[in-house]
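The values are calculated or read from the model by the stated rules, or taken from the named source; none is laboratory data. What you see is a predicted model; the values in this text were computed from it and never measured. Every residue, glycine among them, receives a Cβ derived from its backbone with ideal geometry; neighbour counts consider all protein chains shown. Just the protein is used for accessible areas: all its heavy atoms, side chains included, with ligands, DNA and RNA removed. Shrake-Rupley method; radii C 1.70, N 1.55, O 1.52, S 1.80 Å.
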Amino acid sequence: GRGVLGRGCPASLPAGSPSPSDAPRPVHGGHHSGHANALGRSPAHWTVGGLPASAAPGRELMDVDAALLLRGVVLGATIAAAVGPISLLVIRRTIAEGRVVGLASGMGVATADGAYGAVAAFGLTAVTQVLVDWRRVLALAGGLFLLWLAWRLVRSVPDAAARVPRRGGLAGAYLTTLGLTLTNPMTILSFAALFVGLGVTGGDVAGAATLTAGVFLGSAVWWVVLITLVGALRSRVTPTWLRRINVASGLLIGAFALVALVSTLG
């Protein structure tokens, strides 16, 4: 009789036996030997439903998912690489407080990028509309918080700051950058514009989830690379230079905050 998967040549089947057309079967008959498997041929020569296994829908779906994930990674890294006050804040934290604090801060930004990427990928127009309607309030809150951070950076003394543990620990570092990034709902429109301009769409729930995962992964990879490079220079930064970095980053962050507040209130 036949094995469970119908192994053996079709010619060996009894007369009148049905042919399992949908089960994997070898393209050519023959006895298995050497490294051949139980079906007489290697998996690369199987057919599924009369088609080569390499042309099966499952493999095509995996190829599409991989391409969509890669596009999401590129988009996430592109958005994260934009220079702004959050980037300066993360770089300064990495230099002053170490890679771990820098990574926690970077992951806060990546989480916010992933959240806004999800809103754009899933086409949550209601959420987008609410955030855009409240963009002035959110931008005002974010701008004021950035001004406060800039003031603290300009006034901070590196030696004294090194002796004082960070308030809130790593959770505080993560939540501050998460909150600051979320106060800019126009990021959603940036993702939406990139999705449309590059022809990137999730298509369905699985596709949108894949795209969202790619956006988060791309942003996270960017921050890991940047923080690793900046952290490598940390040991060479003297307290004098750290003081200069604090003042420079504070002034730049304050300038970004003022521009955001003027554009919001204007």
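Quick notes on this one:
- Each residue of the range 137-148 was assigned a 3J(HN,Hα) from its phi angle through the Karplus expression (A = 6.51, B = -1.76, C = 1.60, θ = phi - 60°), giving 5, 5, 5, 5, 5, x, x, 5, 5, 5, 4, 5 Hz with x at Gly and Pro.
- Accessible surface, 1.4 Å probe, highest first, among residues S105, S263: S263, S105
- Across the range 59-118, Cα-Cα pairs farther apart than 15 Å form 59% of the total.
- Over all distinct Cα-Cα pairs of the range 199-256, the Kirkwood formula returns a hydrodynamic radius of 14.6 Å.
- Sorting D133, D65 by solvent-accessible area of protein heavy atoms yields D133, D65, largest first, with a 1.4 Å probe.
- Projected label distance in nm at V130 and F145, using a 7 Å step from Cα toward the beta-carbon: 1.8 nm
- For the pair R234 and S263, the difference between a 0.36 nm per residue extended length and the Cα-Cα distance amounts to 6.9 nm.
- Given their separation in residues at 0.36 nm each and the Cα-Cα distance between them, A255 and A66 gain 64.0 nm when the chain is fully extended.
- T238 accessible area, 1.4 Å probe, all protein chains in place, Å² to nearest 10: 60 Å²
- Distance between the 7 Å Cα→Cβ label points at A82 and L170: 2.9 nm.
- In nm, spacing of pseudo-spin labels at V100 and R244 (7 Å Cα→C-beta vector): 3.0 nm
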